[in-house]
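Below is one structure, written out as structure tokens; comments come after it.
The values are calculated or read from the model by the stated rules, or taken from the named source; none is laboratory data. None of these values were measured; they are calculated from a predicted model. Note that we place each Cβ from the backbone using ideal geometry, even for glycine, and neighbour counts take in every protein chain shown. Accessible surface areas use protein heavy atoms only, side chains included; no ligands, DNA or RNA. Shrake-Rupley method; radii C 1.70, N 1.55, O 1.52, S 1.80 Å.
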Amino acid sequence: MHLDPFELHRPSSVEETVSLAGRLAPAFDYIAGGTDLLPNYKMRLNVRPNLIALEDVSELRGISLDRVGAMVRLGELETDPAFGSAYRGVVEAAAEVATPLVRASGTVGGNLLVETRCFFFNQSFPWRKSLGFCLKADGDKCHVVPQKEKCYATFSGDLAPTLAVLDAEVEVAGPDGRRRVPVASLYDASGDGIQRHHLRPSELIVAVHFPPEARTLRGSYRKLRIRPSFDFPELGVAVAARQSADGGVERLALSVGGLETYPRRFDDLTRRLVGERPTIAKVRELADAVRQLVRPVHNTALAPDYRRKMAGVYVRRSVAEILGVAEETR
Amino acid sequence: MGEGMGESTPVRLRVNGVTTALVCPPERILLDLLREDLNLTGTKRGCDLGTCGCCTVWVDGKPVLSCLTLARLVSGRDITTIEGVTPASGLSDLQRAFVDHGATQCGFCTPGFVMTATALLRDHPHPTKPEIERAIAGNLCRCTGYIKIVEAVAATAEGRP
Ligand SMILES: Cc1cc2nc3c(=O)[nH]c(=O)nc-3n(C[C@H](O)[C@H](O)[C@H](O)COP(=O)(O)OP(=O)(O)OC[C@H]3O[C@@H](n4cnc5c(N)ncnc54)[C@H](O)[C@@H]3O)c2cc1C
Ligand code: SF4
Ligand code: FES
Ligand code: FES
């Protein structure tokens, strides 16, 4: 498949990148590893006339326990021993993205902003044309929830939930300077599958920063998908916790991706366990509440009822495991 | 900096040790350039979307998907294709093992597997079976069922035919 022509820009500093972006916005896309963008361009999904390549911007590199550059490849992250022992959940998620070949190119920044997915969107141009285009690309109606004027495409990045539970922040640069945004508030229910994050069109993710507290937490990631390689998440459950010496919960956070248009935290529910000695009954209560709140729609391979039910199962298993609560066996 | 739309200034690409100056528009994909401009048709186009591994080549020795790589972004890097890992005459030990173990049937996926597995054996000469399985998890084969492929890689690592 040949791509439609575009202009390719190769800045070498963050400042040069964002001033170029400021001039071109919104008629451009950043390209990092290209593993999400190029398949979409091949299917002529929202193609733009300019690409700004981040390949030569050296400030976007580097892994430490405080900071991971946006251009760090997922393959580098998953094999960094120090990072892996500090942030188990993040590395579990990175190692389950796609395949080793995709992770050799795919980056952390690209994963945070991976395009939302839908069975009616991730299709070739002739396929979409024959059915009639949809809101997210070239059309004016939604095939999944036709009665609504919004897009329900699913948030399908694996890293974001694991970073959100650690209270990690992204460092963002724009033509007007730099700012920090918590990963957990990069996306929320006010957006949809089209307005999928709160960055401005010219803004660039420079790095992910970890607060010192993140290193005191234990984290994990559980991913539901059909094949254990290749497939995007049909559900992704990230948890992070810390307990006192006597087992009391000092901190607990939960973020669920792969189900709705954004990775969702459940702070109101997890707060109820803080200060408590965890029991399987309390963990079940939390898992049941999550299952009742989430609203997947029918736009991925697995049925929404099943994904919803599995959200309850995975939350129960992950929280019980991280808090060391034995599950009853029958 | 900016490179003009569809502009055709030649770029220098180093493929299998040979540097060539080529006309290469910004939207040219590495896979298309290898197959259509350089006639290196050993690298296969399967899905063209990152979902099969048939198009695997090395960039600076690391296996990547050429169907998801803009050719201009790898100018100045070392590109190696299946033609570059095949000896001038005969086959490499790994290629021989693929034949002997029945790890190639229709053969369409084989160049991709050979690129991935050759890099694995170079970096980890004695992989375990699970390590082999993990390394080839991005290469699809619709014929063999993978068992013979894993056996061929393991046999090469153990130095037995
Ligand atoms: C077969 C296959 C399977 C996949 N499976 C998964 C999966 O299981 N889980 C998953 O999470 N992903 C999956 N992906 C998607 C993708 O490979 C990963 O999400 C990857 O991490 C994206 O990174 P990239 O650098 O390639 O992004 P790109 O394709 O370069 O960019 C993706 C988006 O992010 C923007 N962007 C990139 N970097 C920045 C930055 N620094 N600042 C601002 N914007 C930026 C781009 O403009 C673009 O909109 C899969 C892809 C393929 C082809
Ligand atoms: S949810 Fe609706 S609008 Fe969004 S991509 Fe799918 S069909 Fe299109
Ligand atoms: S052709 Fe590149 S992964 Fe299938
Ligand atoms: S031998 Fe036919 S696809 Fe692998």
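Computed quantities for the displayed model
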| quantity | calculated |
| --- | --- |
| Distance between the range A:147-186 and the range A:38-77 - C-alpha centres, whole angstrom | 15 Å |
| For the range B:93-158, the spread of Cα positions along each principal axis, largest first, Å | 28, 22, 17 |
| Per-q log10 I(q)/I(0), the range A:59-212, q = 0.10, 0.12, 0.15 Å⁻¹ (Debye; single scatterer per alpha-carbon; no solvent) | -0.41, -0.57, -0.84 |
| Efficiency of FRET between B:Glu131 and B:Arg160 - r from beta-carbon atoms, R0 25 angstrom, step 0.05 | 0.90 |
| Rounded accessible area of A:Thr107 (nearest 10 Å², 1.4 Å probe) | 10 Å² |
| Estimated dipole of the range A:59-212 in Debye, rounded to 20 [Cβ of Lys and Arg +1, of Asp and Glu -1, Cα centre] | 460 debye |
| For chain A: relative contact order, % (alpha-carbon pairs under 8 angstrom, 6 or more apart) | 16 percent |
| Binned Cα-Cα distances of the range B:9-85, short to long, each 5 Å bin given as a whole percent | 3, 18, 32, 29, 15, 4, 0 |
| Centroid-to-centroid separation of the range A:207-224 and the range B:82-121 [C-alpha atoms, Å] | 40 Å |
| Between 0 and 90°, nearest 10: helix A:304-322 axis offset from chain A longest Cα axis | 50 degrees |
| The range A:222-323 - convex hull of the alpha-carbon atoms, volume per residue in Å³ | 91 Å³ |
| Value of Rg/Rh across the range A:245-304 [Cα atoms, Kirkwood radius] | 1.07 |
| A:Lys136, B:Lys44, B:Lys62, ranked by accessible area, largest first (probe 1.4 Å) | B:Lys62, B:Lys44, A:Lys136 |
| Positions from the range B:128-148 whose accessible area shrinks by 40 Å² or more when the full protein complex is built, not the chain alone, probe 1.4 Å | B:Ala137, B:Gly138 |
| Space enclosed by the convex hull of the alpha-carbon atoms of the range B:1-157, per residue, Å³ | 112 Å³ |
| 16 Å cut-off, amide nitrogen to a point 7 angstrom out along A:Lys129 Cα→Cβ, residues in the range A:18-48 | A:42-47 |
| Rg/Rg_globular for the range A:176-241, with Rg_globular taken as 2.2 N^0.38 Å and Rg from C-alpha atoms | 1.42 |
| Check: the range A:222-323 dipole with +1 on Lys, Arg Cβ and -1 on Asp, Glu Cβ, in debye | 160 debye |
| Carbon/sulfur fraction of accessible area - the range A:20-155, other protein chains in place, 1.4 Å, % | 53 percent |
| Loop-exposed GluC sites (Glu not before Pro) per DSSP, neighbour cap 14 Cβ within 10 angstrom, longest uninterrupted part of chain B | B:8-157 |
| Range of Cα positions in chain A per principal axis (Å), largest first | 61, 44, 34 |
